[in-house]
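Trainee: What follows is a structure written as structure tokens; I'll ask about it next.
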Amino acid sequence: MEPNNRMVIGPTGNMADFVGDLLRKAAGKSEKYKSTEVQKNLELDFDLGNLLAVDNNPIDLKQYRSDPESFLKDLARDNTQLLINKVWQLPVERVTDAIVAKIPAPTTVLPREKPAPKVRQPTRWEQYARIKGIKKKKRGNLVWDEELNKWVPRWGYKRAEADREKNWLIELPGNADPYEDQFAKRAAAKKERVAKNEYQRLRNIAGSRKIRVPRGIPPTDKQTKEQVGKSIMLARSATASLGRFTENVKNEKPSKGHGKKRKFLPLVGNMQEERERNLEILNIVSKKKAKLNLSKAVNVQVAEDEQTELRQRKLPKRRSKAGDTRGRWNRGKGGHKGGSNKRKK
């Protein structure tokens, strides 16, 4: 402030120049940043749940053909500004240091890129647990080992190390080969158990997804007689003719599992053959005589008698008016029949 109470505005102190500079700066800012208010002939359709805006206004073809890139940029900017204005009209709340808007549920159904995931079918164990009311309990990773006298994990590499420490010596069974490696035998048995569990797991998954499991027999060290017969039947039928032209091995018994193909008579044929076939069936039925199985008839009669006697035993005994059982002589105090102690004169 100078001594004559005049305000110095700029370097020259000219008010007109200062106002002109301010107007030029404001005009430059207005050209750089457009207004948040956008005017449209038709109001846009908004789906705030999907942050979607649909512009139904007609396109100015003359302006679009003159400069399509700038026209599309301006159109996208205006529509985006209208969408943001609608978002800020929603109820807001503060979350930590930010202000967020509560977006409503979407109204436009958008197509999925991939089909919706199906509900997973429960496995056999899950169905059994639900029926029996078994609930899954979370177990700890460590378990106390009485032989090693320390905590060992239930699974993992340290579990295998603990098993090696515990099973460093294996007692030889009485009927086992003394030169057989029992450690290798135990490892092979463990691998077999793991493979069997994996096979059952895959079979459960296939069953839950309704996938047909191929026929076969899981590999085992010693197969039973039924498994051997099933293996032979599958091997015989694993040809192009399904085993029709497969030659039998010497002293081979016919397989019981492989059924025979049924042959049906034609619906339309020779009437004479059909009449003869029906007459033959009628003759066979008429020639049959009823055979009496004496031992079976006696057994049936004895069983009926025993049932009748058992029912009579279970019936309650009827009482007379005097309280004695029915069918017995009532004796009085005098010891005479009829229950009366009076003597005839």
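The values are calculated or read from the model by the stated rules, or taken from the named source; none is laboratory data. All values derive from a computational prediction rather than experimental measurement. Glycine gets a Cβ as well: all are built from the backbone with ideal geometry, and neighbour counts include every protein chain shown. With ligands, DNA and RNA removed, areas are computed over all heavy atoms of the protein, side chains included. Shrake-Rupley method; radii C 1.70, N 1.55, O 1.52, S 1.80 Å.
Trainee: Please go through segment 133-184 and give me each residue that is at pLDDT 85 or above, in a loop (DSSP other than H, G, I, E, B), touching a Lys or Arg at 6+ places or on another chain (Cβ under 8 Å) and open to solvent by 90 Å² or more (accessible area, probe 1.4 Å), ordered by number.
Mentor: none
Trainee: Taking the options Lys62, Lys25, name whichever one is over 19 Å from Val109 (Cβ atoms) and at pLDDT 75 or above.
Mentor: Lys62
Trainee: A further question on this structure: Among all residue pairs at least 6 apart or on different chains, which show Cβ distances below 6 Å where the first residue, located in segment 44-58, is more than 13 Å from Gln81 (Cβ to Cβ) and outside any loop (DSSP other than H, G, I, E, B) and the second is small (Gly, Ala, Ser) and open to solvent by less than 40 Å² (accessible area, probe 1.4 Å)?
Mentor: Hits for this filter: zero, empty list.
Trainee: Moving on to the next point. For segment 34-43, how many residues meet the condition of being surrounded by fewer than 12 Cβ atoms within 10 Å (Cβ to Cβ) and farther than 15 Å from Val87 by Cβ?
Mentor: Residues in segment 34-43 being surrounded by fewer than 12 Cβ atoms within 10 Å (Cβ to Cβ) and farther than 15 Å from Val87 by Cβ: 6 in total.
For every residue, the table says whether it meets (1) in contact with a Phe, Trp or Tyr (Cβ under 6 Å, 6 or more places away or on another chain); (2) polar (S, T, N, Q); (3) in a loop (DSSP other than H, G, I, E, B); (4) modelled with pLDDT of 85 or more.
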residue: Lys260; (1), (2), (3), (4): no, no, yes, no
residue: Lys263; (1), (2), (3), (4): no, no, yes, no
residue: Pro266; (1), (2), (3), (4): no, no, yes, no
residue: Leu279; (1), (2), (3), (4): no, no, no, yes
residue: Ile284; (1), (2), (3), (4): no, no, no, no
residue: Lys289; (1), (2), (3), (4): no, no, yes, no
residue: Glu306; (1), (2), (3), (4): no, no, no, yes
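Trainee: Give the residue that is farthest from Asp163 (Cα to Cα), with candidates limited to residues of segment 201-219 that are at pLDDT 80 or above and open to solvent by less than 70 Å² (accessible area, probe 1.4 Å).
Mentor: Ala206
Trainee: Sticking with this one: Looking at the structure I just gave you, is Glu126 over 30 Å from Gln223 (Cβ atoms), open to solvent by less than 100 Å² (accessible area, probe 1.4 Å) and among the acidic types (Asp, Glu)?
Mentor: Yes.
Trainee: Of all residues in segment 69-90 being open to solvent by 60 Å² or more (accessible area, probe 1.4 Å), in a helix (DSSP H, G or I) and of a type outside the set (D, E, K, R), which is farthest from Lys102 (Cα to Cα)?
Mentor: The residue in question is Leu72.
Trainee: What pairs come out if I take residues in segment 220-237 that are surrounded by 13 or more Cβ atoms within 10 Å (Cβ to Cβ) and pair them with residues that are at pLDDT below 75 and polar (S, T, N, Q) whose C-beta lies under 6 Å away, six or more apart or interchain?
Mentor: Met233/Ser255
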